[in-house]
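K.L.:
Below is the structure I would like to discuss, written out as structure tokens.
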Amino acid sequence: MKIANEKQLSFDTIIPPRGLIFARGNELLASNISSYELAVDPKMLKNRDTFSVIIEQHLGISKDSVLKRISSSKSRHQVISKKISVEQVKIFRDLNDPGIKLKEIISRHYNYGSTTSQVVGILNSDNVALSGLELSMDTVLSPIKGLQYMYRTPAARKRPAFNFDELDKGRAGYDVYLTIDLDLQSIVEYELKKMVAAEDAVSATVVAINPNTGEVLSMYSFPSYDPHNRNDPNTFLRNKTIEDPYEPGSTFKGIITTIALEKSGLKVTDQFNGYNGV
């Protein structure tokens, strides 16, 4: 019996949730939502016609297209849709077909869209960090994968094998808390867009810092982007506020003045001809 049980065993990778990102006041900026990947094993699928009709009814993919994809597939794992809803999952589970595979996919949701997109950043469809804090703090936010032992049932389905002590649950990613003030961030976004339109500017940036603590209260760069529309050709991932070089300009005058007073014997009362600012 023990040998038979061991032969039925396999294991699946457990991916715990990615850490969340919060603004000041515990306002949730980046969260995790569940969806499901729908795939089939063509060799195990019992009723292709019924399956294809239901796909057409609920996912809008033509029956002929689905049948062609299944018939021509050389893989035991043919993906039909990378994202279906929880309600649609129940429809396919109720078919009780051993050839239907449903896999939970955790994806990122950005609750404040373009308002915080360049600060927070985004993940791609494979949950790989591309920009912003998602990228710079990826090692903090990323979970550690675990392993779940599974039994294979007579119907070729898998179920968790909870009676094994070797289960490695992994670890969820750590949450990150920012000093960004969402109210101020929204005001900055609105006013900056208004100014850009009025001046016919190409780009603009704003950083608001608490002078007493150094906390960054707002950081916004125009143009921004919608983190949920990654196919937008205008998507501007780079945060110009901190990633573009700037000439120091007037901020450097204090350093030059300090050096002159310290090294050349000049006094603060000395006057110089600025030559019209040149």
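K.L.:
Fewest first, what order do Tyr275, Tyr190, Tyr246 take by the number of other Cβ atoms within 10 Å?
P.N.:
Ordered from fewest to most neighbouring Cβ atoms within 10 Å, Tyr275, Tyr190, Tyr246 come out as Tyr275, Tyr246, Tyr190.
K.L.:
Right, here's the next one. Provide the percentage of antiparallel DSSP beta bridges, counting only those with both residues in the chain; round to the nearest 5.
P.N.:
Among the beta bridges of the chain, antiparallel pairing accounts for roughly 95 percent.
K.L.:
Between Glu215 and Ile105, what length comes free when the chain is fully extended (0.36 nm per residue of separation minus the Cα-Cα distance, one decimal in nm)?
P.N.:
36.1 nm
K.L.:
Mark the label point 7 Å from the Cα of Asn124 along Cα→Cβ and return the residues of segment 205-230 whose backbone N is within less than 19 Å of it.
P.N.:
Of the residues in segment 205-230, 226-230 have backbone N under 19 Å from the label point off Asn124.
K.L.:
Pull up all non-local amide H partners of Lys101: gap of 5 or more, or a different chain, and H-to-H distance under 5 Å with H placed in the peptide plane.
P.N.:
Ala39, Val40, Asp41
K.L.:
Running a GNM on the chain with Cα contacts under 10 Å, which residue among Ser136, Ser34, Ser62 ends up with the highest mean-square fluctuation?
P.N.:
Maximum among the listed residues: Ser62.
K.L.:
As an exercise, use a Förster radius of 41 Å and the Cβ-Cβ distance of Leu261 and Lys145 to find the FRET efficiency, rounded to the nearest 0.05.
P.N.:
Computed FRET efficiency for Leu261 and Lys145 comes out at 0.10.
K.L.:
Determine, from the Cβ-Cβ distance of Glu37 and Asp175 and an R0 of 35 Å, the FRET efficiency 1/(1 + (r/R0)^6), rounded to the nearest 0.05.
P.N.:
Taking R0 as 35 Å, the efficiency between Glu37 and Asp175 is 0.85.
K.L.:
List the residues whose amide H sits under 5 Å from the amide H of Glu215, counting only those 5 or more places along or on another chain, with H placed 1.01 Å from N in the peptide plane.
P.N.:
Here Asn210 satisfy the definition.
K.L.:
From the convex hull of the Cα coordinates of the chain, what is the mean projected area in square nanometres?
P.N.:
Projected area, direction-averaged: 25.0 nm².
K.L.:
Modelling each spin label as a point 7 Å along the Cα-to-Cβ direction, I'd like the Asp12/Ser85 distance in nm, to one decimal.
P.N.:
With each label point 7 Å from Cα toward Cβ, the separation is 2.3 nm.
K.L.:
Take the Cβ-Cβ distance between Ser65 and Leu95 as r, set R0 to 22 Å, and report the resulting FRET efficiency rounded to the nearest 0.05.
P.N.:
It comes out at approximately 0.70.
K.L.:
Output the DSSP H helices from the chain with an along-axis C-alpha extent of no less than 30 Å and a mean Kyte-Doolittle hydropathy no less than -1.0.
P.N.:
Within the chain not a single helix satisfies the rule.
K.L.:
Would you calculate a helix-derived [θ] at 222 nm for the chain, using -39,500 (n - 2.57) for each DSSP H run of n ≥ 4 and dividing by the full residue count, to the nearest 500?
P.N.:
Calculated mean residue ellipticity at 222 nm is -8000 deg cm²/dmol.
Every read-out reported here was derived from the displayed coordinates using simple, explicitly stated rules and does not represent laboratory data. Everything numeric here is computed off the predicted structure, so don't read it as measured data. Every residue, glycine as well, gets a Cβ built from its backbone with ideal geometry; the counts of neighbours run over all protein chains shown.
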